[in-house]
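The structure appears below as structure tokens.
We did not get these values from a lab; they are worked out from the coordinates using the rules stated. A quick note: this is a predicted structure, and the numbers were derived from the prediction, not measured. Here the Cβ positions follow ideal geometry from the backbone for every residue, glycine too, while neighbour counts run over all protein chains shown.
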Amino acid sequence: MTHPALTQPTLTQFVNNLADYDPNALPVAQAQRIVKDFVQPILGIETVPIWQALDRVLAADVISPISVPAHNNSAMDGFAFQGADLAADAGTTLAVVGTVYAGRAFDGTVARGECVRIMTGAVMPAGCDTVVPQEFTQDASDTAVTVPQGVVRTGDNCRLMGEDLQEGRAALAQGRILRPADLGLLASLGIGQIMVQRRLRVAFFSTGDELRSLGDDLDPGCIYDSNRYTVFGMLTRLGCELIDMGVVKDDPASLEAALRSACANADAVITSGGVSVGAADYTKQVMAQLGDVTFWKIGMRPGRPMAFGTITSKGKRAYLFGLPGNPVAVMVTFYFFARDALMRMMGAQNAALPVLRAASQTDIRKKPGRTEYQRGVLSTDSGGSPLVRITGSQGSGVLRSMSEANCMVVLRHEQGNVQAGDLVDIVVFDGLT
Ligand code: AMP
Ligand code: MG
């Protein structure tokens with residue numbers, strides 16, 4: 001198993017070299033940059049059938065072994081002929097000299113004034129460069145057909161050899177997260193097995209004495225551990241291999257044992273809770289003992305406190321994300337800090353979340369000097385333009401509004417109040433992938 005290299009500079013050295021670094025008032029953009037620059041890919045390659053390659057990270061460029069299509073072929077059912085035969089200002093009548101089906105070639109020759117009935121996907125006969133779709137023709141019989149004036153131009157409805165993929169050229173680049181279209185593309189090249197990065201192993205647990213696991217009695221003052229389920233969902237969507245370590249009590253020995261075990265088995269550890277200033281929070285203390293961890297107060301809402309770094313046990317190192325405890329803050333810090341870092345560890349390229357713009361339906365109060373992530377519902381106005389509405393309560397413990405939302409509205413650090421109709425940045429939760 002490859003673990004984060006033990007040779008790279010420590011996070012402490014890394015942040016000390018930065019100008020304007022203040023862990024107690026860290027702007028979002030700076031925190032994101034530190035995380036991104038500090039984290040290194042954890043590479044390990046495996047070969048899998050393309051069936052199993054969906055959402056995996058491609059480990060090497062794929063060079064086309066063949067051209068697709070391999071021959072010029074027809075894009076329509078119709079008649080193939082030489083475009084030069086088309087009369088400039090009248091219909092053109094051609095003699096039909098044969099028929100060619102998909103998957104077959106036409107062995108005859110097609111002379112000037114002649115044509116061949118052709119099916120979609122059939123190889124273009126030698127000498128033909130144009131196809132008139134059947135439905136545009138007139139007076140078609142077994143022996144002749146008329147192409148009315150103006151319905152096609154030379155080259156129409158002919159797919160050219162290699163227009164999809166050219167032999168010897170890169171078809172897919174290393175670091176790509178494979179989507180359904182890519183599986184089809186690989187299949188079109190005849191490639192059935194592909195090299196992908198191994199899955200990232202991520203251990204996760206929740207901390208807090210007040211937490212109860214599902215199935216336990218909910219003692220007075222206690223709450224069910226919900227963070228482990230949202231973290232499970234988000235990590236699963238990223239394609240990680242998960243190590244669920246349950247709920248860990250807020251006591252130094254349990255926390256230390258959990259973090260050491262995570263180091264031994266995982267590339268990264270995600271915890272929630274215990275990273276703010278609470279009196280009974282040993283999480284910070286133990287994290288600091290085991291590793292090279294910085295504790296941040298990020299200029300954001302929700303999710304101010306976060307721990308980031310690496311922890312080491314018995315020569316094995318894992319990246320650590322100590323996310324805040326509040327259920328919405330967990331999701332926001334995961335999406336806007338941990339996600340990019342995990343993607344980078346997986347060797348993924350260009351995996352940043354797309355940011356779109358939508359008009360705000362209402363005024364939104366916003367103080368400059370911190371980034372706010374508000375839960376939003378994206379819709380469209382009567383003209384089809386994107387509109388976004390903030391969901392009700394934005395409290396950082398109100399998971400319901402996260403569940404009702406379909407996007408996050410990102411109000412930037414320097415941004416002030418938003419007026420109804422202003423465009424705001426949004427990141428949508430779901431989409432075609
Ligand atoms: P903490 O950061 O540990 O002080 O937690 C902040 C808030 O989030 C407290 O109200 C906790 O009860 C709550 N919280 C912490 N962990 C979880 C969890 N795993 N599931 C639900 N709520 C949590
Ligand atoms: Mg706690």
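Near Pro133, once Lys and Arg are set to +1 and Asp and Glu to -1 for all other residues with Cβ below 11 Å from its Cβ, the sum equals -3. Ranking Leu255, Ala173, Ser213 by how far each Cα lies toward the positive end of the dipole of the chain (charges on Cβ) leaves Leu255 at the top. Quick one: work out Rg over Rh on the C-alpha atoms of segment 44-126, Rh as Kirkwood radius. Here the Rg-to-Rh quotient is 1.26.
About the centre of its Cα atoms, segment 73-159 shows a dipole size close to 220 debye [charges on the beta carbon of Lys, Arg (+1) and Asp, Glu (-1) only; nearest 20 debye].
Think of segment 322-433 as having a plus end and a minus end, set by charges on the Cβ of Lys, Arg, Asp and Glu; of Thr371, Val388, Met402, Thr371 sits farthest toward the positive end of this dipole. Each Lys and Arg contributes +1 and each Asp and Glu -1, all at the Cβ; summed about the Cα centre of segment 301-386, the dipole is approximately 440 debye. Comparing Gly274, Gly421, Gly127 in a Gaussian network model of the chain, where Cα atoms under 10 Å apart are tied by springs, the biggest mean-square fluctuation is seen for Gly127. For the chain, the number of Lys pairs separated by eight or more positions or lying on different chains, with C-alpha atoms closer than 23 Å, is 10. Cβ-to-Cβ counts within 10 Å put Phe429, Phe232, Phe334 in ascending order as Phe232, Phe429, Phe334, the fewest first. For the chain, the mean residue ellipticity at 222 nm estimated from helices alone is -5000 deg cm²/dmol, where every DSSP H run of n ≥ 4 contributes -39500 (n - 2.57) and the total is divided by all residues, rounded to the nearest 500. Springs between Cα atoms under 10 Å define the GNM used for the chain, and in it the highest mean-square fluctuation of Leu378, Leu11, Leu160 occurs at Leu160. Among Thr92, Thr207, the ranking by other beta carbons within 10 Å of each residue's beta carbon, starting with the fewest, stands as Thr92, Thr207.
With no solvent and one point on each alpha carbon, what is the Debye value of log10 I(q)/I(0) for segment 356-431 at q = 0.11, 0.16, 0.18, 0.23 Å⁻¹? Cα-only, vacuum Debye calculation for segment 356-431: -0.25, -0.52, -0.66, -1.07.
In the chain, Cα pairs under 8 Å separated by at least six residues give a relative contact order of 17 percent. Along each principal axis, taking the top coordinate minus the bottom one, the Cα set of the chain gives 92, 53, 50 Å in descending order.
Could you give the longest part of the chain that holds none of the trypsin sites (Lys or Arg not before Pro) found in DSSP loops with at most 13 neighbouring Cβ atoms within 10 Å?
After excluding every exposed loop site, the longest remaining stretch is 170-313.
Taking Thr93, Thr283, Thr271 in turn, the Gaussian network model of the chain (Cα-Cα springs below 10 Å) assigns the largest fluctuation to Thr93. Membrane-span-like helices in the chain, defined purely by DSSP H runs whose alpha carbon atoms cover 30 Å or more axially and whose average Kyte-Doolittle hydropathy reaches -1.0, do not occur.
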